[in-house]
1. Here are some residues: Gly75, Gly59, Gly8. Which one is of a type in the set (Gly, Ala, Ser) and buried (at least 16 other Cβ atoms within 10 Å of the Cβ)?
2. When you go through Ser231, Ser178 one by one, which is the residue that is surrounded by fewer than 22 Cβ atoms within 10 Å (Cβ to Cβ) and either in the same structural domain as Leu7 (by TED's automatic domain parsing) or at pLDDT 95 or above (or both)?
3. What number of residues in the range 198-231 are of a type outside the set (A, V, I, L, M), in contact (Cβ under 8 Å) with a residue 60 or more places away in the chain and under 16 Å from Ser272 (Cβ atoms)?
4. Does any residue in the range 3-19 that is part of a strand (DSSP E or B) come within less than 6 Å, Cβ to Cβ, of a residue that is surrounded by 15 or more Cβ atoms within 10 Å (Cβ to Cβ) six or more places away or on a different chain, and which pairs are these?
5. Anything in the range 185-199 that is in contact with a Gly (Cβ under 7 Å, 6 or more places away or on another chain) and either surrounded by fewer than 24 Cβ atoms within 10 Å (Cβ to Cβ) or part of a loop (DSSP other than H, G, I, E, B) (or both)? List them, or say none.
6. Mind listing whichever residues of the range 200-228 are buried (at least 17 other Cβ atoms within 10 Å of the Cβ) and modelled with pLDDT under 90?
7. Can you find even one residue in the range 129-139 that is under 30 Å from Gly20 (Cβ atoms) and either surrounded by fewer than 19 Cβ atoms within 10 Å (Cβ to Cβ) or not aliphatic (A, V, I, L, M) (or both)?
8. Mind counting the residues in the range 25-47 that are assigned to a strand (DSSP E or B) and in contact with a helix residue (DSSP H, G or I) (Cβ under 6 Å, 6 or more places away or on another chain)?
Amino acid sequence: SVEIDTLGNVIGLKKGNGKGKIMLAAHMDEIGFVVSHIDKNGFIFVSPVGGINVKTLIGTRVIVHGEGKYYGVMGSIPPHMKKEKEKEKELSIEDVFVDIGAKNKDEVLKRGIDIGSIITYEGDLKKLSENRYTGKTMDDRIGVFILIETLKRVKSPYDLYFVATTQEEVGLRGARVSGYKISPDIGIAIDVTLAMDVPDVKEHRRITELGKGPAITVMDRSVIGNRKLNSFIEKIARKEKIPLQRNILTRGGTDAGSIHLIKEGVVSTTLSIPTRFVHSPVECIDMRDVENAVKLLVKVLETETLGKSF
């Protein structure tokens, strides 16, 4: 069965034989912007929705959602027009505007664009190599893909709730509402995490890397992964020879941050896909990590002793 709740969460239930309820959550929302001001010349100023790295914005192509979809480019004052002191100043979101080719404010308004209109990144999915892909919203549409693939393959004794959540990027809100409704015995969030295998990152900080398997969360800013659940998952990964990394983040969180606080508390953790360039239009993943995440989840969910271990 499938239902959509008040916050827009899509909740799919695959019935088992009543041995317990397990909630798997991946958020389908993405970071972006809302229109905060339109000047007389038709330039659009924005406020961020979710965590935005302003340094990555200049020259970025976006889609402004009005009566239709309108392409735009994010820009700021050209560097060669700035004074020396201005060049030293760190770029702020207030310095950034969107150009949609409009001649004036009225032309923008006629396109159905006004204060509060949504702006998203424009970016097609591109294949970089045999296993690696880049594109926008890997965070966390790749998690939703993993949910769907797991749903197709798994045969579990448990009642499985596959939840595509909303408003994760602005406070883990959808998971809180859907989790309260479901009241699961176990919660597993599926999300992305930072791949640290890039230049200038010291070896001791390279916690996750592309192509070395999904990552189980030891700790992030929103949740401490349940140690017994993590250990259970790691044992299955070793038995099935599925590569699995451990993940510690000092910033950011996932839907598990809301799920584990539901009612009297829920045994929870996060399984993440290592991702380069998170919160940009060119997020990069390795599909081997995705496939291994699906395989691992299927094995975990089909294990009869899962519900008896906590």
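1. Step by step, each of Gly75, Gly59, Gly8 is checked, and only Gly75 is of a type in the set (Gly, Ala, Ser) and buried (at least 16 other Cβ atoms within 10 Å of the Cβ).
2. Residue meeting the stated conditions: Ser231.
3. 7
4. Glu3/Ile11; Ile4/Val10; Val10/Ala164; Ile11/Val163; Ile11/Ser178; Gly12/Phe162; Leu13/Tyr161; Lys14/Leu160
5. The answer is Asp185, and nothing else.
6. Answer for the range 200-228, where residues must be buried (at least 17 other Cβ atoms within 10 Å of the Cβ) and modelled with pLDDT under 90: just Ile207.
7. Here is the first cut: in the range 129-139, the residues under 30 Å from Gly20 (Cβ atoms) are 139.
In the following step, the residues that additionally are either surrounded by fewer than 19 Cβ atoms within 10 Å (Cβ to Cβ) or not aliphatic (A, V, I, L, M) (or both) were identified as 139.
Looking for residues that are under 30 Å from Gly20 (Cβ atoms) and either surrounded by fewer than 19 Cβ atoms within 10 Å (Cβ to Cβ) or not aliphatic (A, V, I, L, M) (or both), one finds at least one in the range 129-139, hence yes.
8. Initially, the range 25-47 is screened for residues assigned to a strand (DSSP E or B), giving 25-27, 32-38, 44-47.
Within this subset, residues satisfying the condition of being in contact with a helix residue (DSSP H, G or I) (Cβ under 6 Å, 6 or more places away or on another chain) are 25-27, 38.
Qualifying residue count, the range 25-47: 4.
The values are calculated or read from the model by the stated rules, or taken from the named source; none is laboratory data. Treat the numbers as computed from the prediction; the structure is a model and nothing was measured. Because the Cβ atoms are built from the backbone with ideal geometry, glycine has one as well, and the counts that use them run over all protein chains shown.
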